[in-house]
Amino acid sequence: MRSHYCGDLRTEHIGQDITLSGWVHRRRDHGGVIFLDVRDREGITQVVFDPDREASFALADSVRNEYVIEIQGLVRARPAGTENPDMATGAIEVLGKELVILNKADTPPFQLDEHQQVGEDVRLRNRFIDLRRPEIQRKLRFRSKITHYIRNYLEENGFLDIETPILTRATPEGARDYLVPSRTHEGHFFALPQSPQLFKQLLMVSGFDRYYQIAKCFRDEDLRADRQPEFTQIDIETSFMDEEGIMGITEQMIRGLFLEQLNVDLGDFPRMPYSEAMQRYGSDKPDLRIPMELVDVADLVAEVDFKVFAAPATDPKGRVAALKVPGGAELTRKQIDDYTKFVSIYGAKGLAWIKVNALETGAEGLQSPIVKFLGETVALQIMERLGAQNGDLVFFGADKAKIVNEALGALRIKVGEDLKMHQCEWAPLWVVDFPMFEEDGNGGLTALHHPFTSPSCTPDELIAAPEGKLSRAYDMVLNGTELGGGSVRIHDQTMQRAVFKVLGISDEEAEEKFGFLLNALRYGAPPHGGLAFGLDRLVMLMTGSASIREVIAFPKTQSAACLLTDAPGEVSAAQLRELNIKLRKTP
């Protein structure tokens, strides 16, 4: 029904008779000549109908936006002065000879113009129409190019595409599982995988050596712009390769992808220990495009008569840090108040600040209600440590280190974006040397990544002093977004049992939950490790999208609902009976 895609026509096709099929993007009537912009997945072509062909002209006059049509016509050059350099097909047009209306269309709930502002709820409820928009189609076509490149790269490097189960059992991955009741095993449940973690490790034990999968994963967690209840991972695992090898082969893959698809050379990725990232940026995924850094000032304020600063300064788990904003003194009080509200999201009780107006006049040149509590000497010492200059603004965080890091780390990103402080377009890095464990809030420890990550020590050393031990984990970060995370895995059961012991998992519980893994480790498990990339995040970054919902064909809302299909939905009483489930309403 077509000889060419609309968006493929160029000047070399001039003089050819062609057939197009697609949707009417726009109809215009100019002085007795009808113009139809016809759209398909490859782009838009302008078709002209003259009144000397009465039948086709009358049909063209009757069509409306989103009608599905087939056109036979002649490709010709556009008249001089009417070319459209903003369109790939802007140098040509098609003289329509024959027109067939394949299907009519009701007036769509919104126009498909790229500049049309439509609420996201309306778009997602009518996603099949939203997906027709050229902007969205470009993003999904780009997503396909990314997966094509990645598959080719991994296949060329000896990786095998192997599928792992979707129906499995619950495992501790750091989020809630989506549970699936079993009809044939009363009272038992499958879980949808948060990742293929254990299965890909078993594949290494089985000798497949290099595995990959573009895998669907599921996590029942609170959503943000870069989170969905179901998402796609580029899952990679390999044997007989340490972290240097794994990081090297995956870095080369991402660098090659950016060079081929965006003509961007990311260069070598710098490396930064986790502790340095938290100290300097308050984040384990720092955005290095923004030059501002957090600076510790606890030693300077430990003895001031200002308990808001002095208390956390003398608390082993506290932190007092400053963030200098060059030129920030121009911010209004309202803007500062807005930033104060912003950091409260992260648990900060307030946001102290100092404007540097005239540093040469000493403390008198500092504008802030807290200067009198700090004292002139301490206030000027802080300015000296920060290298503050006239016109700067200094924000302070004083609380538990976790709160200060999260609040000032997020504030650094927001201020940097608001004041357009990005110094480059792309800033990749590896964050390495992660702690093996973190406090769980109940006096115990939890794995910072997952309990199958290998520590950088022996089992005895781990059990003796787990708090300070590092893991063999690594995260790839780009522009403040974690693209992927991975680690060298535990490949012997002695170490695996030691990790379980630190986590408070008894031998009985370990056997009940992970007996199949522990059993596999008894039979010659090779050293292995891997990395999983978030495909949705990667496409989001490469297309400049604000949310991963823009690069997923049928996404959920932030409340984990599908407006298109009205899911999740109720099920019948008969289905529940088959599953031996009885619903209980929350009082």
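Brief remarks on what is shown
- Once each of the GluC sites (Glu not before Pro) sitting in a DSSP loop with at most 15 other beta-carbon atoms within 10 Å is removed, the chain keeps 426-569 as its longest stretch.
- Based on the Stokes-Einstein relation at 25 °C and a viscosity of 0.890 mPa s, and on the Kirkwood radius from alpha carbon pairs, the range 212-312 is assigned a translational diffusion coefficient of 135 µm²/s.
- One Cα centroid belongs to the range 193-215, the other to the range 47-67; the line between them spans 57 Å.
- Here the simple spin-label model places points 7 Å from the Cα toward Cβ, and for GLN72 and GLU155 these points are separated by 3.9 nm.
- Distant alpha-carbon pairs in the range 1-59 (separation over 14 angstrom), percent: 58
- Put simply, the Cα atoms of the chain extend 91, 74, 56 Å along their principal axes, the longest span coming first.
- Across the range 290-423, Cα-Cα distances exceeding 23 Å account for 26% of all pairs.
- Calculated SAXS-style log₁₀ I(q)/I(0) at q = 0.13, 0.14, 0.15, 0.16 Å⁻¹ - the range 375-512, Debye, Cα scatterers: -0.78, -0.85, -0.91, -0.97
- FRET efficiency for VAL122 and PHE240, using Cβ-Cβ distance with R0 set to 45 Å, rounded to 0.05: 0.30
- Contour minus Cα-Cα distance for GLU461 and ARG169 (0.36 nm per residue): 102.0 nm
- Loop-resident trypsin sites (Lys or Arg not before Pro) (DSSP state other than H, G, I, E or B) in the range 251-340 with no more than 13 further Cβ atoms inside 10 Å of their Cβ: LYS317.
- Efficiency of FRET from Cβ geometry, ALA546 and ARG385, R₀ 60 Å, rounded to 0.05: 0.95
- The chain - mean residue ellipticity at 222 nm from DSSP helices (-39,500 (n - 2.57) per run, n ≥ 4, rounded to 500): -9000 deg cm²/dmol
- At most 13 other Cβ within 10 Å, DSSP loop - chymotrypsin sites (Phe, Trp or Tyr not before Pro), the range 225-303: PHE240
- With N as its number of residues, the range 6-103 has a Cα radius of gyration that, divided by 2.2 N^0.38 Å, comes to 0.96.
- Annotation for ALA358 and ASP61: the two label points, set 7 Å from Cα along the Cα-Cβ direction, are 7.9 nm apart.
- Here the label points at ALA553 and LYS349, each 7 Å from Cα along the C-beta direction, are separated by 5.2 nm in the simple model.
- Alpha-carbon centroids, the range 124-184 and the range 266-315: separation in whole Å: 36
- Relative contact order for the chain: 13 percent, from Cα pairs under 8 Å spaced at least 6 residues apart, divided by residue count.
- Pairs exceeding a 30 Å alpha-carbon distance, out of LYS139/LYS402; LYS414/LYS501; LYS317/LYS420; LYS556/LYS585; LYS285/LYS420; LYS104/LYS216: LYS139/LYS402; LYS414/LYS501; LYS317/LYS420; LYS104/LYS216.
- The range 430-482 shape via C-alpha gyration tensor axes, a/c threshold 1.5: oblate
- Hydrodynamic radius (Kirkwood) for the range 88-205, which is based on Cα pairs only, to one decimal in Å: 20.1
Any read-out appearing in this document is the output of simple, stated calculations on the displayed coordinates, not a laboratory observation. All of these numbers come straight from a predicted model, not from anything done at the bench. Virtual Cβ from ideal backbone geometry, glycine too; neighbours counted across all protein chains shown.
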